[in-house]
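Single-structure report; data block below.
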Amino acid sequence: YYSQLAASGDYSKLAASGDSSKLAASGDSSQIAASGYSSQLAASGNSSQLAASGDSSKLAASGDSSKLAASGDYSQLAASGKKAIVAAIGYESCAKAAEGGWLVLSEWINDEPFVAASKVGENGIKPDTFYMLKNKKFVEA
């Protein structure tokens, strides 16, 4: 619990399994993963990969071509770099990305998942704005 990990070199790999962990990496192509509740993950290098499975996790990446994914409920994901892909699959989770990035969101309807994806800047999806799915539509969170 309450782990804190940081790395500054390229190709860093960080992982934590306790609740409320904090992980950060500043090098390119970093890989960060956390499985505990309320984890916080951040990466500033290009081509970083962040993943979290615990509820109420927060993920942020500023590098170009980053990939963020969270399966925990009530998670928040944010990517400010170009060509990022952000996937928030947990219940009531939300995500945002920069222009040209992709959002992949889910909504649970009658215990069945509904998944939708959209490129930011198309289909009315505004950059740097949190979205979630409601009634199978992207809505601002």
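The values are calculated or read from the model by the stated rules, or taken from the named source; none is laboratory data. Computed from a predicted structure; not experimentally measured. Virtual Cβ from ideal backbone geometry, glycine too; neighbours counted across all protein chains shown. We work out accessible area using only protein heavy atoms, side chains counted, and drop any ligands, DNA or RNA first. Shrake-Rupley method; radii C 1.70, N 1.55, O 1.52, S 1.80 Å.
Provide a single number: the residues in segment 85-99 that are more than 10 Å from the chain's Cα centre (by Cα) and open to solvent by less than 20 Å² (accessible area, probe 1.4 Å).
Number of matching residues: 2.
Do we find that residue 21 is among the hydroxyl-bearing types (Ser, Thr, Tyr), more than 24 Å from residue 98 (Cα to Cα) and at pLDDT below 95 in this structure?
no
What are the residues in segment 92-107 that are under 17 Å from residue 81 (Cα atoms) and touching a Lys or Arg at 6+ places or on another chain (Cβ under 7 Å), if any?
Within segment 92-107, 98, 100, 101, 102 meet the criteria.
Kindly indicate the residue of segment 114-139 that is of a type in the set (Phe, Trp, Tyr) and outside any loop (DSSP other than H, G, I, E, B) and also farthest from residue 90 (Cα to Cα) among those meeting that condition.
Out of the qualifying residues, it is 138.
Can you list residue pairs whose Cβ atoms sit under 8 Å apart, with the first residue in segment 114-130 being over 13 Å from residue 79 (Cα atoms) and the second being modelled with pLDDT under 95 and open to solvent by 70 Å² or more (accessible area, probe 1.4 Å)? Count only pairs 6 or more apart in sequence or on different chains.
114/108
Looking only at segment 108-141, which residues are more than 20 Å from residue 83 (Cβ to Cβ) and in contact with a Lys or Arg (Cβ under 9 Å, 6 or more places away or on another chain)?
Within segment 108-141, 109, 114, 140, 141 qualify.
Only residues that are farther than 11 Å from residue 1 by Cα and more than 16 Å from the chain's Cα centre (by Cα): list them for segment 17-45, please.
Within segment 17-45, 26, 27, 28 meet the criteria.
When the residues of segment 100-141 are narrowed to those that are among the aromatic types (Phe, Trp, Tyr) and closer than 18 Å to residue 56 by Cα, which ends up most open to solvent (accessible area, probe 1.4 Å)?
108
Pick out the one residue from 84, 61 that is touching a Gly at 6+ places or on another chain (Cβ under 6 Å), aliphatic (A, V, I, L, M), at pLDDT 95 or above and within 29 Å of residue 136 (Cβ to Cβ).
Unique residue meeting the criteria: 84.
Against the definition (open to solvent by 10 Å² or more (accessible area, probe 1.4 Å) and touching a Ser or Thr at 6+ places or on another chain (Cβ under 8 Å)), how does residue 44 come out, yes or no?
Yes; evaluated as a whole, the condition is true for this residue.
Quickly run through segment 1-41 and pick out the residues that are among the polar types (S, T, N, Q) and open to solvent by less than 70 Å² (accessible area, probe 1.4 Å).
3, 12, 20, 21, 26, 29, 30, 35, 38, 39
What are the residues in segment 74-84 that are open to solvent by 70 Å² or more (accessible area, probe 1.4 Å) and in a strand (DSSP E or B), if any?
76
Given the condition out of contact with any Cys (no Cβ under 9 Å at 6 or more places or on another chain), among the hydrophobic types (A, V, I, L, M, F, W, C) and closer than 16 Å to residue 62 by Cβ, answer yes or no: does some residue in segment 1-11 qualify?
The answer is yes; a qualifying residue exists.
So, in segment 52-73, of the ones that are of a type in the set (A, V, I, L, M) and over 13 Å from residue 104 (Cβ atoms), which residue ends up surrounded by the fewest Cβ atoms within 10 Å (Cβ to Cβ)?
60
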